[in-house]
1. Answer yes or no: is there a residue in the range 184-206 that is closer than 20 Å to I131 by Cβ, modelled with pLDDT under 90 and surrounded by 18 or more Cβ atoms within 10 Å (Cβ to Cβ).
2. Return the pair list, or none, for Cβ contacts closer than 7 Å from residues in the range 49-62 that are on the phi > 0 side of the Ramachandran plot to residues that are open to solvent by less than 100 Å² (accessible area, probe 1.4 Å), at least 6 apart or on different chains.
3. Go through the range 311-354 and give me each residue that's of a type in the set (G, A, S) and at negative phi.
4. Would you be able to tell me the number of residues in the range 139-151 that are open to solvent by 50 Å² or more (accessible area, probe 1.4 Å) and either acidic (D, E) or more than 10 Å from the chain's Cα centre (by Cα) (or both)?
5. What is the number of the single condition among (1) closer than 25 Å to E224 by Cα; (2) open to solvent by 30 Å² or more (accessible area, probe 1.4 Å); (3) outside any helix (DSSP H, G or I) that P288 does not meet?
6. Of the residues L220, L250, only one is modelled with pLDDT of 95 or more, buried (at least 20 other Cβ atoms within 10 Å of the Cβ), in contact with a His (Cβ under 7 Å, 6 or more places away or on another chain) and outside any loop (DSSP other than H, G, I, E, B); which?
7. Quick one: Y327 ticks every box in (1) open to solvent by 60 Å² or more (accessible area, probe 1.4 Å); (2) over 19 Å from Y153 (Cα atoms) except a single one, so which number is it?
8. Please determine, by comparing only the residues of the range 118-163 that are touching a strand residue (DSSP E or B) at 6+ places or on another chain (Cβ under 8 Å), at pLDDT 90 or above and part of a helix (DSSP H, G or I), which one is farthest from Q77 (Cα to Cα).
Amino acid sequence: MSFILTFLGKGGTGRTTAAIAAAKALSSQGQRVLLLGHEAELGLPLMLEATGLTTEPKEISPKLSVAILSASVLLEQSWAQVKQLETQYLRTPFFKNVFGQELGVLPGLDSALALYSLKNFDSSGLYDVIIYDGYSSAATLRMFGMPEVLSWYLRRFRQVFAESDLGKAVSPFLQPVAAAVLNNADWTSGNFSQPFGMADDELSQGQRAIADPSRVAAYLITTEDPLAIKTAEYLWGSAQQANLTVGGVLVDRSAVLGSVEEHFKPLPVHSLPNRTDESWQPLTQHLPNFQQEALKAPKPMAVDVAQRQVKLFLPGFAKSQVQLTQYGPELTIAAGDQRRNLFLPQELKGQKVTGAKFQDGYLIISF
């Protein structure tokens, strides 16, 4: 398993510079590092002075490999896997005459493809650290929030159908239909639900990894520009909604450190020198220990079963921007344009919310 690190901030504040510096610093310490960028962003290969970068990792220096994610190439690869799955489960595959090269990338699909690629690189066991340089901070957060969102859709709509009058009416007839269409369709043994179970497992693993600061963490990048600070604050709160731990803040040395620190307590704020020549060493020497700091950062969610409370850390949001909604067993938190459906422990599932308050950046929910 790898430690996955990403950087969030307003465009032009140095996210790609920080990603490259972190990759160089960690690889020089002997860790096997993979730096992932996007085809849409030209800055990464230009700053690395590297050519011939593709979706396949290329080692550009000892312990440091780089790959550039191309949505169209990833779609072709994923489409080939879809066709393998339908051959496995369907008696008569119907995608066999559709080729990945013909498909266009739908909006949002690029983030899903990037997340799937990130998962595969992580599970390969070839890298100690993977640094993800997304083409925008908003897209990066949507990507890391996908396992939770997709898990909700899969769980909720499957349950809604099963409990509906339509679902109850057609269930007795689905077995013979499934047997005619699917290979090994047997509800009693669970083979019919195998693909859904696999999807559930994959999404659950993704949720656990993103919520674990020893596995995944982000750092904020800002300058002393008020808009850059405000953007970083908003991204901080949005990262918590995605259950992504923010370990600290990086700011250029020209900023007045005290004026920035006020906005990001209790996170550590690190001042970095500007890169003025071809050498990366002055910058890499001032980077923090990302993994250690992430473990000390406030967790996006903490559950106290004994007190029957859930605490959500939502910095950067005012009370008026936070809304709590409960529909049966589902608890939804809306903050800004982010929504999060809470995954509650068994002891609190289905319990009614008895109170909620916003205090010191935390939303405290009582059951």
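The values are calculated or read from the model by the stated rules, or taken from the named source; none is laboratory data. Keep in mind that this is a model prediction, so the values were computed, not measured. Counting neighbours? That spans all protein chains shown, and the Cβs are built from the backbone with ideal geometry, glycine included. All accessible areas refer to the heavy atoms of the entire protein, side chains included, with ligands and DNA or RNA removed. Shrake-Rupley method; radii C 1.70, N 1.55, O 1.52, S 1.80 Å.
1. So the first thing to find is which residues in the range 184-206 are closer than 20 Å to I131 by Cβ, and the list is 206.
Restricting the remaining residues to those that are modelled with pLDDT under 90 gives 206.
Cutting the leftovers down to surrounded by 18 or more Cβ atoms within 10 Å (Cβ to Cβ) gives us 206.
There is at least one residue in the range 184-206 that is closer than 20 Å to I131 by Cβ, modelled with pLDDT under 90 and surrounded by 18 or more Cβ atoms within 10 Å (Cβ to Cβ).
2. Matching pairs, first to second residue: G52/K58.
3. First pass over the range 311-354, keeping only residues of a type in the set (G, A, S): 316, 318, 320, 328, 334-336, 350.
Hits for the range 311-354 are A318, S320, A334, A335.
4. So in the range 139-151, the residues open to solvent by 50 Å² or more (accessible area, probe 1.4 Å) come out as 142, 149-150.
Now restrict to residues that are either acidic (D, E) or more than 10 Å from the chain's Cα centre (by Cα) (or both): 149-150.
Looking only at that region, the number is 2.
5. Failed condition: (2).
6. Details: L220 fails: in contact with a His (Cβ under 7 Å, 6 or more places away or on another chain).
Checking each option against the conditions leaves just L250.
7. Here Y327 meets the rest and fails (2).
8. In this case the residue turns out to be S137.
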